[in-house]
Structure formats: C-alpha cells, structure tokens
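Read-outs throughout are calculated quantities, based only on the coordinates presented, and are distinct from any laboratory measurement. From a predicted model like this one, the values you see are computed outputs, not experimental measurements. Cβ placement follows ideal geometry from the backbone for every residue including glycine, while neighbour counts extend to all protein chains displayed.
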Amino acid sequence: MYALFLGLILSLSACSAPVPAAGQASSPDDAYRLARERMVASQIQARGVRDTRVLDSMRRAPRHLFVPDAQRDDAYLDTPLPIGHGQTISQPYIVALMTELARPKAGDRALEIGTGSGYQAAVLSPLVKVLFTIEVVEPLAARATETLAGLGYANVTVRAGDGYAGWPERAPFD
C-alpha cells in the first residue's frame with residue numbers, strides 16, 4: 001500500500017510541474033519561433049501573401065540573427081531596422097512580397113543585388129537551387145557570409161562588390 005501511495009504522490013508531483021501554455025515560449029528559441037509565427041500571420045498573410053513556400057521560408061528564417069544584438073527584441077516587428085553602415089534590413093512584409101513576386105522555383109539560379117544583412121538571401125535560399133548575392137558594403141558582405149554559412153545556407157554565395165553590372169562570371173540566371 002505504501003508503494004502504491006508513494007507512486008501516486010510521485011505521479012501527481014510530476015504532473016504539477018509548470019508547463020508553458022499553448023502559444024507561450026519555454027526558451028528564447030521558442031520565443032523567437034513564436035514571434036516568427038505571429039509575424040507571418042499578422043504582417044504577411046494578413047496582407048495577402050499566399051505562396052506557401054514563401055510563408056514557410058519566412059517562418060524558418062531567423063530574422064533576429066540578421067540584425068545587430070541591440071535590435072534583436074525588435075526583429076519581428078513590421079519595420080525596417082538599422083544594420084550598420086547606413087543600411088537597413090527591409091521590413092518582413094516587403095521581403096515576403098518581393099519573394100512572392102519573384103516567383104522563385106526550386107531549380108532556379110538566382111541573383112540578388114544588395115545582400116545587406118543576408119536575411120533576404122536566407123528567405124530565398126530554400127526556394128532556389130543556387131543563389132548568388134552581391135553587397136557593395138564589404139563589412140556587411142562579410143557578416144552576411146558568416147551568418148548564412150553559420151546557419152547552414154550552403155547554396156548561397158556572397159560577393160562584396162558593386163552589383164550594377166550583375167555577376168557575369170556566374171550568369172546566366174533565371
């Protein structure tokens with residue numbers, strides 16, 4: 001009887017451990033994931049972006065890792081944010097809209113001009129076969145290269161330079 005009582009007490013105490021409610025974060029990673037979900041629902045889908053591949057890519061791309069530490073708490077707001085060198089990361093809706101309008105396909109060789117932080121490249125990467133991206137501000141190109149590689153975006157090649165003439169050595173692009 002004592003063993004049964006002890007087992008019941010242990011079972012009940014295990015059940016009373018705090019569990020995050022639905023929609024609540026139990027870790028910083030969960031908090032950012034939930035923020036991305038909210039961003040997609042309220043800023044992107046609500047404004048008419050419908051391509052499920054774009055929406056899924058926006059849900060996966062960790063925008064907070066493409067902004068300076070001081071901007072992380074604002075990463076999923078519907079606003080551009082400063083990324084240094086007089087540049088900004090575009091607001092999430094604009095990134096989603098541009099991506100949807102580009103109609104990327106899985107077999108595409110794509111060229112992006114103006115890498116910035118690399119966030120748009122992170123959104124495009126899973127949607128194309130290979131992505132080449134050019135950034136005129138060398139420190140931003142270096143940071144984007146590091147961030148994209150660290151996150152495993154292996155099909156993205158970043159180049160520092162002026163994108164006015166494109167990237168003839170890697171052409172043609174779809």
Helix 2-15: inclination vs the chain longest Cα principal axis, degrees, rounded to 10, gives 30
Would you kindly state the longest site-free stretch of the chain, with sites defined as trypsin sites (Lys or Arg not before Pro) in a DSSP loop (not H, G, I, E, B) surrounded by at most 12 other Cβ atoms within 10 Å? 106-174
Specify the angular offset, from 0 to 90 degrees and rounded to the nearest 10, of the alpha carbon long axis of helix 28-39 from the longest principal axis of the alpha carbons in the chain. 60
What percent do you get for the relative contact order of region 27-170 when only Cα pairs under 8 Å and 6+ apart count? 19
Residues 100, 146, sorted so that the one with the fewest Cβ neighbours within 10 Å comes first: 146, 100
P(r), alpha carbons of region 27-170 - 10 Å bins starting at zero, rounded %: 12, 44, 36, 7, 0
Can you show me the helix-derived [θ] at 222 nm for the chain, built from DSSP H runs with n ≥ 4 at -39,500 (n - 2.57) apiece and divided by the number of residues, rounded to the nearest 500. -11500 deg cm²/dmol
